[in-house]
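Please treat every number below as a calculation from the coordinates, not as lab data. A quick note: this is a predicted structure, and the numbers were derived from the prediction, not measured. Quick reminder, even Gly has a Cβ in these numbers, built from the backbone with ideal geometry, and neighbours come from all protein chains shown.
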Amino acid sequence: MTTDQPEPERLWPEEWQRGPRFSGAYSFMRVPLTRDLRFADVAIVGVPFDGGVNHRPGARFGPRGIRNATAQVRAHPMPGDPLWGPLETLRVVDYGDLDVSSPYIAYAIDKMQELLAPIFAAGVTPIILGGDHTISLPILRAMAQTHGPASLVHFDAHPDFWKPTDASRPYHHGTPFRLAADEGLIRVHESVQIGIRGSVSGAILHEVREAGFHMITADEFYELGVHGALERLHRVVRPPVYVSLDIDCADPAYAPGTGTPEVAGLTSRELVQLVRGLRGLPIVGFDIVEVAPPFDQSEITALLAANLVYEFLELAAALKRGSNRRATSNRAGRASAPAARRRPRNRPAS
Ligand code: MN
Ligand code: MN
């Protein structure tokens, strides 16, 4: 892979972004649909797999639903924020969907890891659209191949930390973080779960805390508030950081289109504020999972997910701006040194 051609300022024909937003290319916010990662900072990747659910399926349609909902997302400026429009700062590609829709779950999981590893290895930050939460395990396996174990920031109504009842068949959407912890993919003592609630989750809270997770249940969140929760989070996590957001962290009033809804959850506003509060963390990847369009109403859930991905892009843009300021070489220097591109760029110097 060479980068001897000049590095382009933008990766897509400008006219793709003109015209009404319900028209144009079928991709996330009409960014280019390509698997060419040479100049990409961020890749949007769909993983349309829901073979690991214990309750209602439908998250296999999540990537399509989220992409559709981006027709309602504008690259908007934040008042007083120089970081308006992450697409001005970042080169974002839509990598399309991975071909992993096999009913053989162990095969599908291996395939996900195999297909995602090169994205992390290329120094690109993936934003992965699920899919049910099973997919976070192969994502973390692929992530760790490049970055080593990460601090996990996990938004969810459920801790997804169940011990598999059958060790020979461990995979479903309730086990990914138990397995990730056992495999050393995440540093549990430097990881945070936010939004946990519900009777099923209550049965396992003690076990999760015993394992070392810093858990902020939905009830505790209402005592702490956004700022209190973020303060705790920033005290705990260490680089590199991986963010996994299960849309059922939001209350079913804000996210009805999901497989395992739990009442008394976070508002969409609180979730957006929490994600914004992650700015500055050296995040090496994101996923957003459990969006199930067959159960959605008026695209409420898909629209929230699309906007949360937009917030992820803002975080990645802030990180890139920060590292550009620190870097001594300029863009041209980066283009002439392709080897440097393969280093994980988001890992901080100290
Ligand atoms: Mn989950
Ligand atoms: Mn959940």
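Tabulated data
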{"item": "Label-point gap, in nm, between Leu33 and Lys163 - each point 7 angstrom along Cα→Cβ", "result": "4.6 nm"}
{"item": "Sorted by Cβ neighbour density within 10 Å, fewest at the top, the residues His234, His133, His172, His206", "result": "His206, His234, His172, His133"}
{"item": "Ranking of Met143, Met29, Met215 by count of other Cβ atoms within 10 Å, fewest first", "result": "Met215, Met29, Met143"}
{"item": "Amide H within-cut-off set for Met215, under 5 Å, with H built and near neighbours excluded", "result": "Gln193"}
{"item": "Between the range 277-304 and the range 33-48, the Cα center-to-center distance that results, in Å", "result": "17 Å"}
{"item": "For peptides 86-97, 301-312, sequence by mean Cβ density within 10 Å, most packed first", "result": "301-312, 86-97"}
{"item": "Burial order of peptide ranges 53-63, 99-109 (average beta-carbon count within 10 Å, highest first)", "result": "53-63, 99-109"}
{"item": "Longest to shortest principal axis, alpha-carbon extents of the range 42-341, angstrom", "result": "53, 41, 38"}
{"item": "Per-residue Cβ neighbour rank within 10 angstrom, fewest leading, Thr165, Thr217", "result": "Thr165, Thr217"}
{"item": "Percentage, to the nearest whole number, of Cα pairs in the range 118-252 over 20 Å apart", "result": "43 percent"}
{"item": "Computed FRET value (nearest 0.05) for Glu210 with Ser298, which takes r as the C-beta separation and R₀ as 41 Å", "result": "0.50"}
